[in-house]
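Scroll down for the structure; my scribbles are underneath it.
The values are calculated or read from the model by the stated rules, or taken from the named source; none is laboratory data. Note that the coordinates shown come from a computational prediction; the quantities given were computed from them, not determined experimentally. Cβ placement follows ideal geometry from the backbone for every residue including glycine, while neighbour counts extend to all protein chains displayed. The area values use the complete protein model at the heavy-atom level, side chains included, leaving out ligands, DNA and RNA. Shrake-Rupley method; radii C 1.70, N 1.55, O 1.52, S 1.80 Å.
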Amino acid sequence: MNIDSKSIVDSSVDMEYFNFAGHTLKYFYHRGNCGFPPEPRTERTVELSIVDKWLSLAGENVWEIGAVSCNYWRPIRVEKIIDPYDKHPSVTDKLSIMNVDLKGRKVLSVSTIEHIGKFPQPGNEETPDTVLKALDKLFDESACFLITYPPMYNFILDKRVFNGSLPGDVKIRFIVRQPDQTWQEVFNQEEAKRPYGKTRRSDGSSAGADAIVILERGNLL
């Protein structure tokens, strides 16, 4: 679905492509919350395109935290899907990230980590600080990962990610919505601090996030 940057010299001539991490990628359109022009493209159109590229480079044996990719690809492209709440039949482990051994694992997580501890549920042990424990677990155990999330939604997570205390081998990138509804990679974290849910569809509903943070370890992108 996506193409490498070598295939298109100048993506500005085609509004269906965007540049990220040195690649020219095609917006990912799907009936599942992606947004088709003239409606605003949601963050899924860029997240899933980036994920598509990363999965093609990561190869087999990827574990996913949060049941997201299974809603967009058949057959599923990951070995395990770990999610304590989602009822999708492709979920292999109904466990919290805190109860899974990620040592040496390749891990994918798409707009999931920001929900950890955000709204604690009766019967579980999550607190607002659990998201920090989950992030540290990924940093301590996973050898290779791609984590995406919208900023300005979970401020505890933002404070940790934006304060410069990430491990030295973890790359942080940002991509933001532009006024013309294209998405563009930016290199200043202040530009990524966009209020969540500000852009609206024609029916007045939220078009989702206006920025995405991408954390990567493994130098695949």
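Observations
- Span-like helix ranges in the chain, DSSP H, alpha carbon extent 18 angstrom or more, Kyte mean at least -0.5: 44-58
- When you count the other C-beta atoms within 10 angstrom of each residue and take the mean per peptide, 164-177, 146-159 line up highest first as 146-159, 164-177.
- Carbon and sulfur %, accessible surface of the chain computed with the full protein complex present, 1.4 Å: 52 percent
- Calculated accessible area for the chain comes out at 48 Å² per residue, all protein chains present (probe 1.4 Å; ligands, DNA, RNA ignored).
- Taken along its principal axes, the alpha carbon cloud of the chain reaches lengths of 49, 37, 37 Å, longest axis first.
- Of all lysines in the structure, those lying under 17 Å Cα to Cα from residue 133, and not within fewer than 8 positions of it along the same chain, are 103, 118, 159.
- Looking at the chain, the DSSP beta bridges with both ends there are about 60 percent antiparallel.
- Remark: for residue pairs 80/198; 94/198; 80/193; 87/137; 137/198, the C-alpha separation exceeds 29 Å in 80/198; 94/198; 80/193; 137/198.
- Given R0 = 25 Å, the distance between the Cβ atoms of residue 140 and residue 73 translates into a calculated FRET efficiency of 0.30.
- Dipole magnitude for the chain: computed about the Cα centre from +1 point charges on Lys and Arg Cβ and -1 point charges on Asp and Glu Cβ, it is near 200 debye.
- Shape call, the stretch 98-221: gyration tensor on alpha carbons, a/c limit 1.5: oblate
- In this calculation the C-beta distance from residue 129 to residue 166 is compared with R0 = 22 Å, giving a FRET efficiency of 0.80.
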